[in-house]
1. Looking only at residues in segment 100-134 that are hydrophobic (A, V, I, L, M, F, W, C) and over 19 Å from residue 222 (Cβ atoms), which one is surrounded by the fewest Cβ atoms within 10 Å (Cβ to Cβ)?
2. Test each condition in (1) crowded, with 22+ Cβ neighbours inside 10 Å; (2) in a helix (DSSP H, G or I); (3) among the small types (Gly, Ala, Ser) for residue 173 and report the one that comes out false.
3. Only one residue in 77, 43, 18, 68 is within 30 Å of residue 211 (Cα to Cα) and among the polar types (S, T, N, Q). Which one?
4. Would you check if residue 100 is farther than 25 Å from residue 39 by Cβ and within 16 Å of the ligand (Cβ to nearest atom)?
5. Every residue in segment 228-238 that is over 18 Å from residue 161 (Cα atoms) and in contact (Cβ under 8 Å) with a residue 24 or more places away in the chain, please.
6. From the residues in segment 103-129 that are closer than 17 Å to residue 249 by Cα and at pLDDT 85 or above, which one is farthest from the ligand (Cβ to nearest atom)?
7. Show the residue pairs that are 6+ apart or on different chains and have beta-carbon atoms under 7 Å apart, the first residue being within segment 212-227 and touching a residue at least 40 places away in the same chain (Cβ under 8 Å), the second being near the ligand (Cβ under 8 Å from one of its atoms) and of a type in the set (S, T, N, Q).
8. Under 7 Å between Cβ atoms, which residue pairs at least 6 apart in sequence (or on different chains) link something in segment 103-123 that is in contact (Cβ under 8 Å) with a residue 40 or more places away in the chain and among the polar types (S, T, N, Q) with a partner that is in a strand (DSSP E or B) and away from the ligand (no atom under 16 Å from the Cβ)?
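The values are calculated or read from the model by the stated rules, or taken from the named source; none is laboratory data. Just so you know, these numbers come straight off a predicted model, no measurement behind them. Methodologically, a virtual Cβ is constructed for each residue, glycine included, from the backbone with ideal geometry; neighbour enumeration extends over all protein chains shown.
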Amino acid sequence: MSSLALINEFLGQPPNASSHGYQIDHILEFCHWFMGALFIGWSAFFIFVLIRFRKRRQPGADHLGVRSGISTHLEFSVVLIEAVLLLGFAIPLWAKRVNQFPPGKDALVVHVVAQQFSFNYHLPGPDGQFGRRDASFVSNSNPVGLDPNDPAGKDDIVTTGELHVPVNRPVIAELSSKDVIHDFFLPSMRIAGDAIPGSLIPIWFTPIKTGTDEVICAQLCGLGHYGMKGTLVVDTPQDYQAWLKERAELAGTQTTPPAPTQRPPGEPIGGQTPGTIPPPGAPKPPNSDAQGAAASPHPAQQLQNAPAPAVSPTPGG
Ligand SMILES: [Cu+2]
């Protein structure tokens, strides 16, 4: 790693583990150094102006202002560098990611189904075919809504929280969501994509290092967003086959896949969402009676009384 690249590490970027990640890292390095130079340049100019044009030295205002062209040239070069970054590097790199998908037969295709507050993964199993999914089959024991009557789905593998992939093989993840907008973010793979209800959004990457990486939700999706994390385990091909075999055996014997992760403390169970102001004249939610019976029906007061769970309140939450 060159010393120029240290800025990414300094700013907390985990090491790259994907085949295309170095291109993203180069853009980030350049942007960080460029922004650093701009910051120092503008700060120095600001301090210079404060001293040079202080009131004691410059009692009257100069209504003509700057006469030299240097500021125009400086502004123009900044705009030019930014345009080259955007048009020359960022957009072509993005276009490559969204237009040049690896052929489906070479890649591992996985369906990622996001929900508050975990990621579910659906793999086709030994027959290589995804079973049909439908929202009407979704339950606690069937988090992705697999159709129990579809034979193609009998050997399918469904996991929650942890996904295994083999090293050096392209992975196509098709993102969707069961509830709100989430964002499937793999920082070490330098890839992220929104998971939007009603849409199927594919992203792809090729892991080049074995190990365990973090998966996080990068879209504020509710009170438990902070806990919406998972792991991506990049295996050697042998380890991956062993994991597949283990999951396939589990799929055969286990009637209920692991339950989605627990709802985090503070998340309301049923009833009213904290911060929701009921319309005037709406019936009171049943759980507000215990503590709120004597309270004034003014909406602002109801808002204060609404977060019923007895956990320490989070300011601004
Ligand atoms: Cu989320």
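1. Of everything passing the filter in segment 100-134, 101 is surrounded by the fewest Cβ atoms within 10 Å (Cβ to Cβ).
2. With respect to (1) crowded, with 22+ Cβ neighbours inside 10 Å; (2) in a helix (DSSP H, G or I); (3) among the small types (Gly, Ala, Ser), residue 173 is out only on (2).
3. On the way: 77 fails: within 30 Å of residue 211 (Cα to Cα); 43 fails: within 30 Å of residue 211 (Cα to Cα); 68 fails: within 30 Å of residue 211 (Cα to Cα).
Only one candidate qualifies: 18.
4. Working: farther than 25 Å from residue 39 by Cβ: yes; within 16 Å of the ligand (Cβ to nearest atom): no.
No; evaluated as a whole, the condition is false for this residue.
5. Of everything in segment 228-238, those that are over 18 Å from residue 161 (Cα atoms) and in contact (Cβ under 8 Å) with a residue 24 or more places away in the chain turn out to be 236, 237.
6. Selected residue: 124.
7. Between residues of segment 212-227 that are touching a residue at least 40 places away in the same chain (Cβ under 8 Å) and residues that are near the ligand (Cβ under 8 Å from one of its atoms) and of a type in the set (S, T, N, Q), the close pairs are 221/116; 222/116; 224/116.
8. 120/158
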